[in-house]
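Report on the following structure.
The values are calculated or read from the model by the stated rules, or taken from the named source; none is laboratory data. Being a predicted model, the structure only gives us computed values, none of them experimental. Don't worry about glycine lacking a Cβ; one is built from the backbone with ideal geometry, like all the others, and counts go over all protein chains shown.
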Amino acid sequence: MAFEGLSSRLQNVFSKLRGKGKVSEEDVTEAMREVRLALLEADVNFKVVKEFVAKVKEKAVGKEVMDSFTPGMVIIDIVNKELTELMGGTQSKLAKSSKPPTVIMMAGLQGAGKTTTTGKLAKLLQKQNSRPLLVAADIYRPAAIKQLQVLGEQIKVPVFSLGDQTSPVEIARQGLQHAKDNHHDYVIIDTAGRLHIDADLMEELKQIHSEVKPDEVLLVVDAMTGQDAVNVAESFNAQLTLTGVVLTKLDGDTRGGAALSVKAVTGCPIKFAALGEKIDALEPFHPERMASRILG
Ligand code: GDP
């Protein structure tokens, strides 16, 4: 499972505190120094770490905490709450348009897991008795269209495609019309990814955005790339106004830096987490559960 490194380091810090009947200000300072190091080692953004530690410390050194019967436990509880806040506080749900179909635009760099996630999201919606339509607008990556079609067949969700010779904006436009004509309640558009963020990519995404006016713009980022994922999210958000982030490959992320930084840095909530290659390995992201998981 994800975050083993951070999890075991924090558990170490807190097992020391938990054992104490009385906690001094020095104990808190020492614990916070270790928490700070653990978070930095987990590749959490340094500003985020600084603010986090300051907040926890401010709450932990109060008389109420120190005089309580179980000060260690109270401090762990404070850390738990602050970790939850850091990841967005409460679960951020997928938008649902009052005028169907709800339009979801998927964006991301190549290899982040965008196409796979698009299929997984369709499957998740289908399980909730929705009728999604997938739209194959990633015409640049060889085999991306085929990959989406295979996923669609596997989960029995139709895939709208016009091949790779029509512009992505036109594919998105016609895809949305097709969804309306066929009474789909969700339409998920798999847009192009590139190896790097560039002006062409952003321009194309903006054009698709203004054509289909999406209810959700979800950016798919690879959690294993840590702060790079956060930087990618910042750049996309500056140009496209994201409504949410999907963190993929959390199954292989032993550090957790992206999960703990992306909301604080971009202001954009994490809506889903992908924890494996299989089609059903996508879950709504629950900050409170994730925090509890980290603290063990
Ligand atoms: P795209 O270029 O962003 O569309 O990326 P793909 O959807 O083709 O995914 C790239 C690779 O990452 C594929 O081998 C996927 O199976 C893999 N992948 C995607 N999501 C996950 C995940 O959550 N966990 C793991 N372990 N692999 C994933």
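Residues in region 168-192 that are surrounded by fewer than 23 Cβ atoms within 10 Å (Cβ to Cβ) and not aliphatic (A, V, I, L, M): GLU170, ARG173, GLN174, GLN177, HIS178, LYS180, ASP181, ASN182, HIS183, ASP185. Selection within region 102-124: residues that are polar (S, T, N, Q) and near the ligand (Cβ under 9 Å from one of its atoms). The member of this set that is farthest from ILE155 (Cα to Cα) is GLN110.
Filtered by the rule that a residue be buried (at least 19 other Cβ atoms within 10 Å of the Cβ), away from the ligand (no atom under 13 Å from the Cβ) and aliphatic (A, V, I, L, M), region 273-296 gives MET290, ALA291, ILE294. Suppose the filter is touching a residue at least 24 places away in the same chain (Cβ under 8 Å), farther than 30 Å from LEU176 by Cβ and charged (D, E, K, R); does GLU30 pass it? For GLU30, the condition - touching a residue at least 24 places away in the same chain (Cβ under 8 Å), farther than 30 Å from LEU176 by Cβ and charged (D, E, K, R) - is not met. Assess whether THR115 counts as being touching a residue at least 24 places away in the same chain (Cβ under 8 Å) and in contact with a strand residue (DSSP E or B) (Cβ under 6 Å, 6 or more places away or on another chain). It is true that THR115 is touching a residue at least 24 places away in the same chain (Cβ under 8 Å) and in contact with a strand residue (DSSP E or B) (Cβ under 6 Å, 6 or more places away or on another chain). Please state which of the following conditions LYS127 fails to meet, knowing it meets all the rest: (1) closer than 21 Å to LEU247 by Cα; (2) touching a helix residue (DSSP H, G or I) at 6+ places or on another chain (Cβ under 9 Å); (3) more than 11 Å from the ligand (Cβ to nearest atom). Result: LYS127 fails condition (2) only. Restricting attention to region 154-165, and to residues there that are part of a loop (DSSP other than H, G, I, E, B) and away from the ligand (no atom under 16 Å from the Cβ), which single residue is surrounded by the fewest Cβ atoms within 10 Å (Cβ to Cβ)? The residue in question is GLN165.
Here's the yes/no breakdown for (1) in contact (Cβ under 8 Å) with a residue 60 or more places away in the chain; (2) away from the ligand (no atom under 16 Å from the Cβ):
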residue: LEU176; (1), (2): yes, yes
residue: TYR186; (1), (2): yes, yes
residue: ASP198; (1), (2): no, no
residue: GLU203; (1), (2): no, yes
residue: GLN227; (1), (2): yes, yes
residue: VAL232; (1), (2): yes, no
residue: VAL262; (1), (2): no, no
residue: ILE270; (1), (2): yes, no
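Region 1-107 holds helices (runs of 4 or more DSSP H) entirely within its bounds, and those carrying 3 or more residues that are at pLDDT 90 or above and among the polar types (S, T, N, Q) map to 4-18. The set of residues in region 131-153 being basic (Lys, Arg) and away from the ligand (no atom under 13 Å from the Cβ) consists of ARG131 alone.
Within region 7-26, the presence of at least one residue that is touching an Asp or Glu at 6+ places or on another chain (Cβ under 6 Å) and either surrounded by 15 or more Cβ atoms within 10 Å (Cβ to Cβ) or not aromatic (Phe, Trp, Tyr) (or both) is confirmed. Taking the criterion of being buried (at least 19 other Cβ atoms within 10 Å of the Cβ) and among the acidic types (Asp, Glu), would at least one residue in region 37-52 satisfy it? Yes, region 37-52 contains a residue that is buried (at least 19 other Cβ atoms within 10 Å of the Cβ) and among the acidic types (Asp, Glu).
Do we find that LYS206 is assigned to a helix (DSSP H, G or I), within 21 Å of LEU124 (Cα to Cα) and either at pLDDT below 95 or not β-branched (Val, Ile, Thr) (or both) in this structure? The answer is no for LYS206. As a summary of the residue check, ARG255 satisfies the conditions (1) within 14 Å of the ligand (Cβ to nearest atom); (2) surrounded by fewer than 22 Cβ atoms within 10 Å (Cβ to Cβ); (3) at pLDDT below 95; (4) closer than 30 Å to PHE52 by Cβ except for the one numbered (1).
Within region 71-99, take every residue that is touching a Pro at 6+ places or on another chain (Cβ under 7 Å) and closer than 16 Å to VAL44 by Cβ and give me the one that is surrounded by the fewest Cβ atoms within 10 Å (Cβ to Cβ). It comes out as THR84.
Within region 118-133, the set of residues being surrounded by fewer than 23 Cβ atoms within 10 Å (Cβ to Cβ), out of contact with any Pro (no Cβ under 7 Å at 6 or more places or on another chain) and either part of a loop (DSSP other than H, G, I, E, B) or in contact (Cβ under 8 Å) with a residue 40 or more places away in the chain (or both) comprises LYS123, LEU124, GLN128, ASN129, SER130, ARG131.
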